[in-house]
Amino acid sequence: MSVKKINPTTNLKGKIHIPGDKSISHRSVMFGSIALGTTEITHFLNGADCLSTIDCFRKLGVDIEQRPDCILVHGKGLHGLSAPADILNVGNSGTTTRLMSGILAGQDFTSVMSGDDSLNSRPMGRIMKPLNSMGAHITSIHGNNCAPLKIEPGNLHGIDYQSPVASAQVKSAVLLAGLYADGTTSVTEPALSRNHTELMLKSFGADISSIQHTDGTATAHIAPCKELYAQKIQVPGDISSAAYFIAAALLVPGSELLIQNVGINPTRAGILEVCQNMGADITYLNQKNAGGEPTADLLVKYSHLHGTTIKGSMIPTLIDEIPMIAVMAAHAEGTTVIKDAAELKVKETNRIDTVTEGLKAMGAEITPTDDGMIIEGGTSLTGAHIQSYLDHRIAMAFAIAGLTAQGETIIENSQCVDVSYPEFFTTLESLQ
Ligand code: S3P
């Protein structure tokens, strides 16, 4: 169990190259595995979650080469996976579990997925319900709607699913099962969640389309498919990882950081809108597009921030960044209100609780609510012992909080950053 000590600093300067996007890395291995031909992935995220996805597809018979400069996935085609000899270990990864459920539901063999304690306590009823209504046979082995999940063969038919939550994992699970169904499948969600599955499946040759309705809801349709075809994928930098260094530059006096190659897909870039609403000085440079995914270099300068309100359809576009935003709000002048974010309760930890505990320990004024939190900014933070509860985003958000706190901040179980950003502490230390 590792511990990191963080001390206050000033003047963070330099260039940071952000590692590959976690959501896009997962999808590139999954879709490459069920496509015909060899998919070449560059700037893949070598985080523990994405390595769990590689490991699972290897157990399903896919040859995946991890070269220093790229990953080669020698796809088996839509019906070419083989029965695993073992339980599929999904580690800490909700994305692996939920998206793979959609793929495994369409196979003619039985498989079992299980993960760590946190993963095995996260809700899987949200994917079991729509997938089983398509004709899948997914059961929760302990009968608690959580993993371990057993997935037995079933004949899938298309459904029109009205999802109660704006969740890309739920949407993607149903769309992936739709590849194996006997008719068109649609998923309507209350607000548009990240659309990487729709963009990437289209480039692999799937018949998929999506629309956003005037009331803010969004529907994606997919037709059954004969085969997908291998692609070259250049994974953009992960905005969820960039968020920590965006915040560091904004909060640490005298800072100026150039954060390179950040994915700014609008379904992910809510944090940039929030930063703008809080008065941040961020300039977009070198804007590009790879496979429908826009990227930019972000020049971020120390700024005087003020409070804001974050709610409604913005929430899915920044859900993973809320721990970091909460720390920014504690520094900002005035009140920040975060609502409509009950999904925070079912992440790697209950992030309403873990953010509240950490910020209170550092002396901030925060009130948890049923679907978010209210933060009265402007109190100076003091260093504290922060328990990460093995949640990578809590460990990183509070490491950044420690850069401006008075005295030392200690992050317990800091190795959990490996889930999404193994180089996080090395990069942070290189700036000081
Ligand atoms: C993800 C979707 C989000 C996000 C998670 C990754 C994905 O989860 O929190 O880190 O890759 O589809 P939900 O779909 O549950 O909101």
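The values are calculated or read from the model by the stated rules, or taken from the named source; none is laboratory data. What you see is a predicted model, and the numbers here were worked out from it, not measured in a lab. Cβ sites come from the backbone with ideal geometry, for glycine too, and all protein chains shown count toward neighbours. Accessible surface is based on the protein model in full, side chains and every heavy atom, while ligands, DNA and RNA are left aside. Shrake-Rupley method; radii C 1.70, N 1.55, O 1.52, S 1.80 Å.
Residues checked against (1) within 23 Å of Glu293 (Cα to Cα); (2) within 16 Å of the ligand (Cβ to nearest atom); (3) outside the structural domain of Gly183 (by TED's automatic domain parsing); (4) in contact (Cβ under 8 Å) with a residue 40 or more places away in the chain:
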site: Ile34; (1), (2), (3), (4): yes, no, no, yes
site: Ile41; (1), (2), (3), (4): yes, yes, no, yes
site: Leu60; (1), (2), (3), (4): no, no, no, yes
site: Pro68; (1), (2), (3), (4): no, no, no, no
site: Ile87; (1), (2), (3), (4): no, no, no, yes
site: Thr95; (1), (2), (3), (4): yes, yes, no, yes
site: Gly102; (1), (2), (3), (4): no, yes, no, yes
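Among the residues of region 328-335, is any touching a helix residue (DSSP H, G or I) at 6+ places or on another chain (Cβ under 6 Å) and either within 16 Å of the ligand (Cβ to nearest atom) or open to solvent by 20 Å² or more (accessible area, probe 1.4 Å) (or both)?
yes
Suppose the filter is within 16 Å of the ligand (Cβ to nearest atom), more than 17 Å from Thr185 (Cβ to Cβ) and either open to solvent by less than 20 Å² (accessible area, probe 1.4 Å) or free of Cβ contacts under 8 Å to residues at least 24 places away in the same chain (or both); does Ala166 pass it?
no
Out of Ile325, Ile338, Ile352, I need the residue that is closer than 20 Å to Ser93 by Cα, in the same structural domain as Ile400 (by TED's automatic domain parsing) and within 16 Å of the ligand (Cβ to nearest atom). Which one?
Ile352
How many residues are surrounded by 23 or more Cβ atoms within 10 Å (Cβ to Cβ) and either of a type outside the set (Val, Ile, Thr) or more than 15 Å from Leu99 (Cβ to Cβ) (or both) if we restrict to region 112-127?
Within region 112-127, residues that are surrounded by 23 or more Cβ atoms within 10 Å (Cβ to Cβ) and either of a type outside the set (Val, Ile, Thr) or more than 15 Å from Leu99 (Cβ to Cβ) (or both) number 4.
Go through region 288-309 and give me each residue that's closer than 30 Å to Lys202 by Cα and either buried (at least 22 other Cβ atoms within 10 Å of the Cβ) or in contact (Cβ under 8 Å) with a residue 12 or more places away in the chain (or both).
Across region 288-309, the qualifying residues are Ala290, Gly291, Gly292, Glu293, Pro294, Thr295, Ala296, Asp297, Leu298.
Could you please find all residues in region 268-300 being aliphatic (A, V, I, L, M), in a strand (DSSP E or B) and under 17 Å from Ala249 (Cβ atoms)?
Ile282, Leu285, Ala296, Leu298, Leu299, Val300
When the residues of region 250-267 are filtered to those that are aliphatic (A, V, I, L, M) and assigned to a loop (DSSP other than H, G, I, E, B), which remaining residue is least open to solvent (accessible area, probe 1.4 Å)?
Val252
Please count how many residues of region 141-163 are open to solvent by 30 Å² or more (accessible area, probe 1.4 Å) and either in contact with a His (Cβ under 7 Å, 6 or more places away or on another chain) or of a type outside the set (Lys, Arg) (or both).
Step one: list which residues in region 141-163 are open to solvent by 30 Å² or more (accessible area, probe 1.4 Å), which gives 141-145, 150, 152-153, 155, 157, 160, 162.
Filter again for either in contact with a His (Cβ under 7 Å, 6 or more places away or on another chain) or of a type outside the set (Lys, Arg) (or both), leaving 141-145, 152-153, 155, 157, 160, 162.
The qualifying residues number 11.
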